[in-house]
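Worksheet: the structure to be examined is printed underneath.
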Amino acid sequence: MTNPVETAIEIRPFRIDIPQEELADLRRRIAATRWPERETVADGSQGVQLTTMQELVRYWGTEYDLRRFEARLNALPQFITEIDGLDIHFIHVKSPHENALPLIITHGWPGSVIEMLNVIGPLTDPTTHGGAAEDAFDVVVPSMPGYGFSGKPTTAGWDPVHIAQAWIALMRRLGYTRFVAQGGDWGAQITDVMGAKAPPELLGIHSNMPGTVPPDVSKALTSNVLGTGDPPPSGLSADEQRAYDQLSFLFTKGIGYALEMGLRPQTLYGLADSPAALAAWMLDHDARSYEDIARAFAGDPVDNLTRDEVLDNITLTWVTNTGVSSGRLYWENKLGFFDVKGVSVPAAVSVFPRELYQAPRSWTERAYPNLIYFNEVGTGNHFAAWQEPNLFTTEVRAAFRSLR
């Protein structure tokens, strides 16, 4: 008879094998897409544009390799383990170099582990990718609950705080007595919470979308969600005013998807029923990222954010039917997305120019009292690791160098 304790902590190898009939059904649904009329403006202010979606659907249904994402993931060691009653899927690649620093990287929405596939090699095997052996990492990339091949919670309670605790448990289960953590988007919030929990094994964190907004600024921003409310606090520096203006635009014009998923995620049945609906929903994260993705489907990709990369992520979400389950994380969340989380461990921050907001150094130093690295890079958007894998890798190496 199997010991229940042993069963609970078992780490099982995992391999993806999508039934062919599921891919045939996907292709049929793509071909049967029913289109609305064209938007009545010449820009993206009404949402994802018809020209972009028609090209995405054409390419997805006729040229894209529906098993591409499967082959890419199956080329890496994948595992499943149960934490707090839920199966957690994760990639775990150990470095060939001695004394590699264990690193857990957390993705966001509408992303997945697909975002991180092009940084795993450079991080784990730096000497093959223009780096030095002393910068090597063992890399763990988990799928958040309700995303990809992780389990879908059947009860409430899997919020970012719970996920942060699960990631600490995962790293301990893998036998790591010291590790660092990195994240963007939801991954940034989860990583910040890990840094606030400050388990003894956690040496430090790195964020490419840090939580730095002071309470008075956060109050003014959130009161303005519908375009009316408190004025910005007085006395902001030029960098702070820039950040305020960027976040004000986001809160008033750019978070319709987040409000819907935060209030009524179960209503989004189209994400489970229509590939085109799912794709459009996932493309419409933020204005700058959408601009870059639209360029990819117009034949002019911005760095690594190609149409194949985008469709890898969407296809993974479709075959796992996680459009709705991933959205519930917004409903679960009780923290201010960009607010200070009380991180006490050493922290590093990289600011990408086309991020939702560019964190000012002044706010960052107050939010992270043990700030060990801060750098404003010259290119890249919200999907930092995905779009700029080489630059992202360079930043992560530099961020944690002093902690080795």
Neighbours by Cβ (under 7 Å, 6+ apart or cross-chain): first from segment 136-151, modelled with pLDDT of 95 or more; second among the small types (Gly, Ala, Ser) and not in a loop (DSSP other than H, G, I, E, B): 146/325; 146/326; 147/326
What number of residues in segment 186-201 are within 15 Å of the chain's Cα centre (by Cα) and surrounded by fewer than 24 Cβ atoms within 10 Å (Cβ to Cβ)? 1
Assigned to a strand (DSSP E or B), within 25 Å of residue 126 (Cα to Cα) and at pLDDT 95 or above: is that true of residue 396 in this structure? no
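Could you list all residues from segment 107-140 that are of a type outside the set (D, E, K, R) and within 11 Å of the chain's Cα centre (by Cα)?
Narrowing segment 107-140 to residues of a type outside the set (D, E, K, R): 107-114, 116-124, 126-133, 136-137, 139-140.
Those that are of a type outside the set (D, E, K, R) and within 11 Å of the chain's Cα centre (by Cα): 107, 108, 109, 110, 111, 112, 113, 114, 116.
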Among residues of segment 132-156 being under 19 Å from residue 333 (Cα atoms) and in contact with a Lys or Arg (Cβ under 9 Å, 6 or more places away or on another chain), the residue surrounded by the most Cβ atoms within 10 Å (Cβ to Cβ) is 145
Flag if residue 132 is closer than 26 Å to residue 347 by Cα, out of contact with any strand residue (DSSP E or B) (no Cβ under 7 Å at 6 or more places or on another chain) and free of Cβ contacts under 8 Å to residues at least 24 places away in the same chain: yes
Being touching a residue at least 12 places away in the same chain (Cβ under 8 Å) and touching a Gly at 6+ places or on another chain (Cβ under 6 Å) is the filter; apply it to segment 208-246 and report the residue that is nearest to residue 403 (Cα to Cα). 208
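Taking the stated definitions as given, is residue 180 in a strand (DSSP E or B) and either hydrophobic (A, V, I, L, M, F, W, C) or free of Cβ contacts under 8 Å to residues at least 60 places away in the same chain (or both)? Can you show your working first?
On the way: in a strand (DSSP E or B): yes; either hydrophobic (A, V, I, L, M, F, W, C) or free of Cβ contacts under 8 Å to residues at least 60 places away in the same chain (or both): yes.
Taking the combined requirement at face value, the residue satisfies it.
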Unmet requirement for residue 127, which otherwise passes all of (1) in contact with a helix residue (DSSP H, G or I) (Cβ under 6 Å, 6 or more places away or on another chain); (2) more than 14 Å from residue 89 (Cβ to Cβ); (3) open to solvent by less than 10 Å² (accessible area, probe 1.4 Å); (4) in a helix (DSSP H, G or I): (3)
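Give segment 230-260 a look and list any residue that's among the polar types (S, T, N, Q) and either out of contact with any helix residue (DSSP H, G or I) (no Cβ under 9 Å at 6 or more places or on another chain) or assigned to a helix (DSSP H, G or I) (or both), or say none. Spell out how you get there, then give the answer.
Pass one, segment 230-260, residues among the polar types (S, T, N, Q): 234, 237, 241, 246, 248, 252.
The answer is 234, 241, 246, 248, 252.
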Among the residues of segment 374-381, is there at least one that is touching a strand residue (DSSP E or B) at 6+ places or on another chain (Cβ under 7 Å), more than 28 Å from residue 263 (Cα to Cα), charged (D, E, K, R) and assigned to a strand (DSSP E or B)? yes
For residue 90, state whether it is crowded, with 17+ Cβ neighbours inside 10 Å, in a strand (DSSP E or B) and of a type in the set (Phe, Trp, Tyr). yes
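The values are calculated or read from the model by the stated rules, or taken from the named source; none is laboratory data. Note that this is a predicted model, so its numbers are computed, not measured. With ideal geometry, Cβ positions are generated from the backbone for all residues, glycine too; neighbour counts draw on all protein chains shown. Heavy atoms of the whole protein, side chains included, go into the accessibility calculation; ligands, DNA and RNA do not. Shrake-Rupley method; radii C 1.70, N 1.55, O 1.52, S 1.80 Å.
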